[in-house]
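The values are calculated or read from the model by the stated rules, or taken from the named source; none is laboratory data. Quick caveat, the model's predicted, so the values are computed rather than measured. Backbone-built Cβ (ideal geometry, glycine too); neighbour counts: all protein chains shown. What goes into the accessible areas is simple: the full protein's heavy atoms, side chains included, and nothing from ligands, DNA or RNA. Shrake-Rupley method; radii C 1.70, N 1.55, O 1.52, S 1.80 Å.
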Amino acid sequence: MGTLLIKAKPCFTWTRPYKKLDHAWVECSSGTGKKKWGCFGHSVTDNETREIGKGSGVTVHGKFVPCSTVRAEAISVPKQDKDTTEGDSIFESCANIRTYGLNGVCHQAANRIAFPAGILSQKADGYGISHCLFYTYGRVGIPCSWSTFFKHEKLTGDLQDCIGTEPTDAVDTESTESSAERESRLRYIDKVLEIYGKSPSNTDASSDSYDREFEDQQILMGVEFLKARVGYILPEIVDDLDLMRELESIHISLEKDFIENVKQLKNVKQLNEAFSKESLKRYFEELDRITKKLQADLWDSKLNPDQCMAFLGVSARSEPFSILDREIMKRIYGFESL
């Protein structure tokens, strides 16, 4: 049985105000120390690096499944088909998050790769905002960029680079988590998988465009993800009907804005080089506006500072910020900071 770690390290946002968020990636906790999955970006450890998750198995439909690093490796590689860029290091550990900033960011890629370990990148700075936009394991059902989460359930075993003794200086983050917290985390992941099970796959799609029924389905799924996360991190407010209605209203507004923005990318093939630079730039600028509006709406809601900290990762009102990594945006798209 293998053990995986999620690590995080500060990065800078793409647009002003330039704020430090966290880039997240995944590593094996033992072995040669060479097996790392960069999740669109780097995996270089230094004195700013934090270990934010450690796990050795996941619960699926009530059954515990031991972690397999072979499975993590399979998840990390994008499904190869005619629309996929092969041999490009940018996509080697994207975990089939097909388009950065459209289907997810590093947090969602890390969650997918670390899925066999039952851990999440939720302690990464900026995770609360990226989750509102892209959910736990990314937006899978976007007609112009399908990003199905292939879980490779039948794979077992460990990679050769992940077999061996754990380093003596390793920090055991699992030991800081109570058994009740661990069970809550695993139940939450199981619930999230149930919601993802309702999402259409690219083989179900009759066209590359949104229609009204598809839009309504996406909005309802977004609200389900919201409720699941609130139930996990803020269970005390689940029965506060006024606050929950307000959060749902904010999230529905986010979903509608997101869908309208994506529709500007209609009639394009999957993956980044297929989008024109002009349309992508407009999409990301609008995503930036949507992201900042979301933060302002949540700060203006009835959430108190502690609840805002749990939900967004920010406890007090500040200038709203982007969720896109400056270095990754430059590396993938060639877009300089705005």
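Could you grab me the full set of residues in region 149-163 that are modelled with pLDDT of 90 or more and either part of a loop (DSSP other than H, G, I, E, B) or buried (at least 17 other Cβ atoms within 10 Å of the Cβ) (or both)? Passing the criteria: 149, 150, 151, 152, 153, 154, 155, 156, 157, 158, 159, 162. Suppose the filter is modelled with pLDDT of 85 or more, among the hydrophobic types (A, V, I, L, M, F, W, C) and open to solvent by 20 Å² or more (accessible area, probe 1.4 Å); does residue 274 pass it? Spelling it out, it is not the case that residue 274 is modelled with pLDDT of 85 or more, among the hydrophobic types (A, V, I, L, M, F, W, C) and open to solvent by 20 Å² or more (accessible area, probe 1.4 Å). Considering only residues in region 227-267 that are in contact (Cβ under 8 Å) with a residue 60 or more places away in the chain and of a type in the set (A, V, I, L, M), the one that is nearest to residue 133 (Cα to Cα) turns out to be 254. Scanning region 229-246 for residues that are among the hydrophobic types (A, V, I, L, M, F, W, C) and either surrounded by fewer than 10 Cβ atoms within 10 Å (Cβ to Cβ) or out of contact with any helix residue (DSSP H, G or I) (no Cβ under 9 Å at 6 or more places or on another chain) (or both) gives a single hit, 241.
Of 38, 53, which residue is modelled with pLDDT of 90 or more, within 17 Å of residue 137 (Cα to Cα), touching a helix residue (DSSP H, G or I) at 6+ places or on another chain (Cβ under 7 Å) and open to solvent by less than 30 Å² (accessible area, probe 1.4 Å)?
Values: 38 fails: touching a helix residue (DSSP H, G or I) at 6+ places or on another chain (Cβ under 7 Å).
Only one candidate qualifies: 53.
When residue 63 is tested against the conditions (1) open to solvent by 40 Å² or more (accessible area, probe 1.4 Å); (2) of a type outside the set (S, T, N, Q); (3) modelled with pLDDT of 95 or more, the lone failure is (3). For first residues located in region 160-186 and more than 18 Å from residue 119 (Cβ to Cβ), partners that are exposed (fewer than 12 other Cβ atoms within 10 Å of the Cβ) and at pLDDT 65 or above and lie 6+ apart or on another chain with Cβ distances below 7 Å form the pairs 161/34.
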